[in-house]
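Notes to accompany the following structure.
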Amino acid sequence: MIILGIDTSCDDTSLALIDRDRRILAHIISSQADLHGLFGGVVPEIASRKHVELIDGIYNDVLEKAGISAGDIDLVGVTSGPGLIGSVLVGLSFAKGLCLAGNIPLIGVNHVEAHAMSIFLEREAEFPFVALVVSGGHTIILAFDAPCSFKVIGSTLDDAAGEAFDKIAKFLGLGYPGGRIIEEMARTGSPDHVAFPRPMMDDAGCNFSFSGLKTAFITYAKKHPVDASNINDVLASFQEAVCDVLVSKTFRAARQSNMERIVVGGGVAANGRLREVFLERARREGFEVMISSPLFCTDNGAMIASLASFYAAAGTCSALDIKAYSRMVMK
Ligand code: KG4
Ligand code: ZN
């Protein structure tokens, strides 16, 4: 059983081939970050055009890397949403073409669910668990009782956490994507330099809000000089506020759902400080926290192939006329 996974949800064109045990046979992620960096953020029209240019070559490259031919593919999994609609459509149309031409089953998967389940590329995890997906497009908590079976129990009311990192980096002219750059600079900064707010941290629910924190940062930076002498401290303080809120809310969600296992995925989960805070708290409180390796936190085709393998095992298959969608489908 060989599964091809395709993700073109945002600005990475990624294809992977995995086997029935979710072992990776080939995996390519082609980032467009340099291109979008010129504009300080993803330009949807440029992203979809670039996917069109790249996808065919990357498809041939993963086949070559894995040493197989197109006829060996048994199943195609592809992101059908949520994402930038023009970008999603490129991967989905390509996948439909392959399936139609090769008479291969197609499974359209939810990109956010794939982030939540990406841990299975590296290890088994026991159900039930609570999953935090924290990326550029989403900050959302899902409660899974079994593979392919989840409920949304919390989500951001405005900006996603990654979006807040990206917007602050853009405001300071640091480059794109902001998360990794801010983490790098914050490494030598003091997290206690500025007491940024922790929005919604103390309310009883599991929702988030990051737009106020972003505004608090910008207001601070307009009132106080942020220069080479203190920028790393200010960024470390901001990062600490984001980590505090994400960790507190996820633990609250786990407690409220009576679950002792927490899974974390999505681009922001590559952040070393966030990983540290999650693991420290897990040790203190006796929870099991599982975080994907950084490579599988950010967008990748392997997690799409992996999630497709669960749906295939459950006997699910998509029709060739499935639609692309831009917003998270709430279950
Ligand atoms: O999951 P992802 O690759 O794409 C989406 O589905 O959105 O996440 C991208 C987001 C960006 O906002 C980026 O700034 C953030 O993840 N990110 C990070 C780090 N690496 C990527 N944020 C904080 N620290 C990082 N090391
Ligand atoms: Zn993503």
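Considering (1) within 15 Å of ligand 1 (Cβ to nearest atom); (2) surrounded by fewer than 21 Cβ atoms within 10 Å (Cβ to Cβ); (3) closer than 25 Å to residue 19 by Cβ; (4) not acidic (Asp, Glu), say which one residue 277 fails and leave the rest.
Here residue 277 meets the rest and fails (3).
Can you list the strands (runs of 3 or more DSSP E) lying wholly within region 125-233 that have 1 or more residues being open to solvent by 40 Å² or more (accessible area, probe 1.4 Å)? First the steps, then the outcome.
Numbers: elements: 129-134, 139-146, 149-155.
Where strands (runs of 3 or more DSSP E) fall fully within region 125-233 and carry at least 1 residues being open to solvent by 40 Å² or more (accessible area, probe 1.4 Å), they are 139-146, 149-155.
Name the residue that is farthest from residue 142 (Cα to Cα), counting only residues in region 205-239 that are free of Cβ contacts under 8 Å to residues at least 24 places away in the same chain and in contact with a helix residue (DSSP H, G or I) (Cβ under 9 Å, 6 or more places away or on another chain).
Among residues in region 205-239 that are free of Cβ contacts under 8 Å to residues at least 24 places away in the same chain and in contact with a helix residue (DSSP H, G or I) (Cβ under 9 Å, 6 or more places away or on another chain), the one farthest from residue 142 (Cα to Cα) is 224.
State all residues of region 294-319 that are assigned to a loop (DSSP other than H, G, I, E, B) and open to solvent by less than 30 Å² (accessible area, probe 1.4 Å); if no residue qualifies, say none.
Initial filter on region 294-319 (assigned to a loop (DSSP other than H, G, I, E, B)): 298-300, 314-317, 319.
Scanning region 294-319 gives 299, 300.
Does region 54-64 contain at least one residue that is open to solvent by 40 Å² or more (accessible area, probe 1.4 Å), outside any helix (DSSP H, G or I) and either modelled with pLDDT of 95 or more or more than 24 Å from residue 117 (Cβ to Cβ) (or both)? Before you say what the answer is, go through the steps one by one.
Of all residues in region 54-64, those open to solvent by 40 Å² or more (accessible area, probe 1.4 Å) come to 54, 56, 60-61, 64.
Checking which are outside any helix (DSSP H, G or I) leaves us with none.
No, every residue in region 54-64 fails to be open to solvent by 40 Å² or more (accessible area, probe 1.4 Å), outside any helix (DSSP H, G or I) and either modelled with pLDDT of 95 or more or more than 24 Å from residue 117 (Cβ to Cβ) (or both).
Each row is one residue, and each column tells you yes or no for (1) out of contact with any strand residue (DSSP E or B) (no Cβ under 7 Å at 6 or more places or on another chain); (2) polar (S, T, N, Q).
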site: 230; (1), (2): yes, yes
site: 233; (1), (2): yes, no
site: 239; (1), (2): yes, yes
site: 263; (1), (2): no, no
site: 266; (1), (2): no, no
site: 271; (1), (2): yes, yes
site: 288; (1), (2): no, no
site: 296; (1), (2): yes, no
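One line per residue, one yes/no per condition, for (1) within 16 Å of ligand 1 (Cβ to nearest atom); (2) out of contact with any Cys (no Cβ under 7 Å at 6 or more places or on another chain); (3) open to solvent by less than 40 Å² (accessible area, probe 1.4 Å); (4) assigned to a helix (DSSP H, G or I):
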{"residue": "4", "(1), (2), (3), (4)": "no, yes, yes, no"}
{"residue": "30", "(1), (2), (3), (4)": "yes, yes, yes, no"}
{"residue": "52", "(1), (2), (3), (4)": "no, yes, no, yes"}
{"residue": "80", "(1), (2), (3), (4)": "yes, yes, yes, no"}
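Please state which of the following conditions residue 99 fails to meet, knowing it meets all the rest: (1) assigned by TED's automatic domain parsing to the domain that holds residue 49; (2) not in a helix (DSSP H, G or I).
(2)
The values are calculated or read from the model by the stated rules, or taken from the named source; none is laboratory data. It should be emphasised that the depicted structure is a prediction, and the values quoted were computed from it without experimental measurement. So basically every Cβ, Gly included, is an ideal-geometry build from the backbone, and we count neighbours across all protein chains shown. What goes into the accessible areas is simple: the full protein's heavy atoms, side chains included, and nothing from ligands, DNA or RNA. Shrake-Rupley method; radii C 1.70, N 1.55, O 1.52, S 1.80 Å.
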